[in-house]
1. Which condition number in (1) over 15 Å from the mean Cα position of the chain (by Cα); (2) acidic (Asp, Glu); (3) more than 14 Å from residue 80 (Cα to Cα) is the one that residue 48 fails?
2. Tell me which of these residue 87 doesn't satisfy, since it passes every other one: (1) surrounded by fewer than 18 Cβ atoms within 10 Å (Cβ to Cβ); (2) touching a His at 6+ places or on another chain (Cβ under 6 Å).
3. For segment 56-73, how many residues meet the condition of being without any contact (Cβ under 8 Å) to a residue 60 or more places away in the chain, among the polar types (S, T, N, Q) and in contact with a Lys or Arg (Cβ under 8 Å, 6 or more places away or on another chain)?
4. Please find, within segment 117-141, the residue that is farthest from residue 42 (Cα to Cα) out of those that are charged (D, E, K, R) and at pLDDT below 75.
5. Only one of (1) closer than 14 Å to residue 54 by Cβ; (2) among the charged types (D, E, K, R); (3) out of contact with any helix residue (DSSP H, G or I) (no Cβ under 6 Å at 6 or more places or on another chain) is not met by residue 122, so which one is it?
6. Among the numbered conditions (1) farther than 19 Å from residue 11 by Cβ; (2) surrounded by fewer than 22 Cβ atoms within 10 Å (Cβ to Cβ), tell me where residue 112 comes up short.
7. Checking residue 97 against (1) on the phi > 0 side of the Ramachandran plot; (2) touching a strand residue (DSSP E or B) at 6+ places or on another chain (Cβ under 9 Å), which single condition isn't satisfied?
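The values are calculated or read from the model by the stated rules, or taken from the named source; none is laboratory data. These numbers come from a predicted model, not from an experiment. Because the Cβ atoms are built from the backbone with ideal geometry, glycine has one as well, and the counts that use them run over all protein chains shown.
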Amino acid sequence: MAMNYSPLVMEHFTNPRNVGEIENADGVGEVGNAKCGDIMKIYLKIDDEIITDVKFKTFGCASAIATSSIATELIKGKPVSEALELTNKAVVEALGGLPAVKIHCSVLAEEAVKAAVKDYYDKNGIEYDAEMFKESSCDHCCHAE
């Protein structure tokens, strides 16, 4: 099935930003499901509660790669608290939209960022509200295309 992607989605898919991994990352989050076919891993470097570097590795479709790329751009240089406010809606808007059947990729990007922040909090003994870090089951994204 041909997808109707925005030019910005195609730009972030063909030229993704912040690809790779960070050795000794302060926080690492991995989300996804092999059944869905999309797996995202986000690495954070944090100094004084500011995300000084962020990298990602994503296995998935064009939308998964593009949402990972834009999510890293949206949180780089920001306070950790602001990264936690990143929503899948903000990711979709920053990309100029996504086809309805690909919205789940933006949800995974949001969850990957939150998982990396949670890992950072856990490693540093920082208290948090567990409700803030609930993941979806990814059942909503497994679909026939």
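1. Condition (3) is where residue 48 drops out.
2. In the conditions (1) surrounded by fewer than 18 Cβ atoms within 10 Å (Cβ to Cβ); (2) touching a His at 6+ places or on another chain (Cβ under 6 Å), residue 87 misses (2) alone.
3. 3
4. Out of the qualifying residues, it is 139.
5. (1)
6. Status for residue 112: all satisfied but (2).
7. (2)
Residue-wise test of (1) under 23 Å from residue 95 (Cα atoms); (2) in contact (Cβ under 8 Å) with a residue 40 or more places away in the chain; (3) of a type in the set (Val, Ile, Thr).
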residue	(1), (2), (3)
20	yes, no, no
37	yes, no, no
44	yes, yes, no
47	no, no, no
